[in-house]
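S.K.: One structure coming up, written as structure tokens, with questions to follow.
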Ligand SMILES: Cc1ncc(COP(=O)(O)O)c(C=O)c1O
């Protein structure tokens, strides 16, 4: 949109989109609003309608749309120095790396700054392979790690795996999906077989010497799959036994979303060898990062790594402002408080709608609600309908899961109790309506 020009109508924009944008770029809603403005927790469409945004882009707007402090820092930097690239020395990238070292678990103190989560994961796996001299990579079923050739092969969800020759050397272990336990266990007899599966995979599907395992502390696109508290401790023991490095993909869970610490993996009591992040780090500005143990990055320092836009002064300045806001406004604490409050509301929904709201899970403001029948048959159409109804009533929520039957609630970390109540009311009504509709259909 050119500055000063009126926005196109929704219909005009749709027609133009269909003419010029790849058809593979799909939108969440069948009849997508034309958003033209964001402020705090709210989005505004071209007709001036306000929406409470409880999905924050895709789990990206960590401190609210157009947060004034973040905007001010960004604009000032755009006016001062916008670009040089990594072959020239500038301060914002270095300041950001210093800040990441401060907030990361002890021992992780050197960063490579990228433009996206995909690039961060690419860089992390490359570092793991170069540093270890090994090739194979373990990922988890139902994971999502990005769009590139390598990261789409790491991804174990057919919806995001194009029909191209997969990248080599990648194997998948079972995930800790307690509601649909791959080993048919329940919380009463769980012995963390899913963690033991990592060892089985190493022994049966690799040379016995994989380079690295990559895992999301809580699977995001996979449907807020939240492992039991002791899962990662067990996994890490196995990885250590075989000399396998560990990357925590914190592209969604990072910068405080899980409400326990800056990073989701810290809540599981494990220190990884590398953390990758993106999304919430820039509040919507393109940025990603890998932060690694010094000795790993030092092993490859003889090589040159270039990234034209990675670590550019503008995105780095934005990220620094985002981290400052999270600290100043105590947003990790807020994520826990409002997240716990929402979870209570979700548990109540589950009680009121048995055989429809099947499972509620997550931590902090990384929350999911799985819709399934009493026999666990996923309800993807009903999920899509709930999401559309919420949009019609001014609340944006997300969707995910291998079976597209998980409602995803992942708003900005500074939402209020009032916002939470609006969500509970609007979503509660939508769930009741859709449950009734599907009973009539049956
Ligand atoms: C856990 C995780 N890793 C990696 C990515 C890829 O990030 P990007 O879309 O910035 O490339 C995503 C994106 O949704 C993600 O959720």
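S.K.: Taking the stated definitions as given, is residue 124 surrounded by 21 or more Cβ atoms within 10 Å (Cβ to Cβ), under 30 Å from residue 162 (Cβ atoms) and either touching a helix residue (DSSP H, G or I) at 6+ places or on another chain (Cβ under 6 Å) or not assigned by TED's automatic domain parsing to the domain that holds residue 222 (or both)?
M.R.: no
S.K.: Scan 195, 211, 278 and give me the residue that is away from the ligand (no atom under 16 Å from the Cβ) and more than 30 Å from residue 375 (Cβ to Cβ).
M.R.: Only one candidate passes the filter, namely 211.
S.K.: Residue 287 - would you say it is within 12 Å of the ligand (Cβ to nearest atom), under 25 Å from residue 182 (Cα atoms) and in contact with a strand residue (DSSP E or B) (Cβ under 9 Å, 6 or more places away or on another chain)?
M.R.: No: the conditions fail for residue 287.
S.K.: Is at least one residue of the stretch 326-345 touching a strand residue (DSSP E or B) at 6+ places or on another chain (Cβ under 8 Å), in contact (Cβ under 8 Å) with a residue 24 or more places away in the chain and at positive phi?
M.R.: No.
S.K.: OK, next. Restricting attention to the stretch 159-179, which residues are loosely packed, with under 15 Cβ neighbours inside 10 Å, touching a residue at least 24 places away in the same chain (Cβ under 8 Å) and under 20 Å from the mean Cα position of the chain (by Cα)?
M.R.: Within the stretch 159-179, 159 is the sole residue that qualifies.
S.K.: Let me ask you something else. Consider residue 120 carefully, then state whether it is at pLDDT 95 or above, assigned to a helix (DSSP H, G or I) and away from the ligand (no atom under 16 Å from the Cβ).
M.R.: In short, no.
S.K.: What single numbered condition from (1) in contact (Cβ under 8 Å) with a residue 60 or more places away in the chain; (2) touching a strand residue (DSSP E or B) at 6+ places or on another chain (Cβ under 7 Å); (3) under 19 Å from residue 363 (Cβ atoms) fails to hold for residue 280?
M.R.: Looking at each condition in turn, residue 280 falls short on (2).
S.K.: Please tell me if residue 314 is part of a helix (DSSP H, G or I), at pLDDT 95 or above and not assigned by TED's automatic domain parsing to the domain that holds residue 430.
M.R.: So residue 314 fits the description; yes.
Residues are listed down the side, and each one gets a yes or a no for (1) surrounded by 22 or more Cβ atoms within 10 Å (Cβ to Cβ); (2) in the same structural domain as residue 56 (by TED's automatic domain parsing):
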{"position": "324", "(1), (2)": "no, no"}
{"position": "349", "(1), (2)": "no, yes"}
{"position": "362", "(1), (2)": "yes, yes"}
{"position": "370", "(1), (2)": "yes, yes"}
{"position": "376", "(1), (2)": "no, yes"}
{"position": "389", "(1), (2)": "no, yes"}
{"position": "393", "(1), (2)": "no, yes"}
{"position": "398", "(1), (2)": "yes, yes"}
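S.K.: Return the residues of the stretch 188-218 that are closer than 22 Å to residue 376 by Cβ and in contact (Cβ under 8 Å) with a residue 40 or more places away in the chain; say none if nothing qualifies.
M.R.: 192, 218
S.K.: Next question. How many residues, within the stretch 196-223, are within 22 Å of the chain's Cα centre (by Cα) and either under 15 Å from residue 141 (Cβ atoms) or in a helix (DSSP H, G or I) (or both)?
M.R.: 10
S.K.: Under 7 Å between Cβ atoms, at least 6 apart or on separate chains: pull out the pairs that start in the stretch 296-311 with a residue that is on the phi > 0 side of the Ramachandran plot and end on any residue that is surrounded by 12 or more Cβ atoms within 10 Å (Cβ to Cβ) and assigned to a helix (DSSP H, G or I).
M.R.: Note: pairs meeting the criteria are 311/93.
S.K.: Within the stretch 143-192, can you find the residues that are away from the ligand (no atom under 14 Å from the Cβ), outside any loop (DSSP other than H, G, I, E, B) and more than 19 Å from residue 403 (Cα to Cα)?
M.R.: Scanning the stretch 143-192 gives 170, 171.
S.K.: I would also like to ask the following. Going residue by residue through the stretch 242-254, is there one that turns out to be assigned to a loop (DSSP other than H, G, I, E, B), in contact (Cβ under 8 Å) with a residue 40 or more places away in the chain and surrounded by fewer than 23 Cβ atoms within 10 Å (Cβ to Cβ)?
M.R.: Looking for residues that are assigned to a loop (DSSP other than H, G, I, E, B), in contact (Cβ under 8 Å) with a residue 40 or more places away in the chain and surrounded by fewer than 23 Cβ atoms within 10 Å (Cβ to Cβ), one finds at least one in the stretch 242-254, hence yes.
S.K.: Give the residues of the stretch 255-277 that are out of contact with any strand residue (DSSP E or B) (no Cβ under 6 Å at 6 or more places or on another chain), assigned to a loop (DSSP other than H, G, I, E, B) and under 19 Å from residue 237 (Cβ atoms), sorted by residue number.
M.R.: Within the stretch 255-277, 269, 270, 271 qualify.
S.K.: Something else about it: Given the conditions (1) outside any helix (DSSP H, G or I); (2) over 14 Å from residue 412 (Cβ atoms), and given that residue 63 satisfies all but one, which numbered condition is not satisfied?
M.R.: Residue 63 satisfies every listed condition except (2).
The values are calculated or read from the model by the stated rules, or taken from the named source; none is laboratory data. Remember, predicted model here, so these are calculated numbers, not experimental data. Note that we place each Cβ from the backbone using ideal geometry, even for glycine, and neighbour counts take in every protein chain shown.
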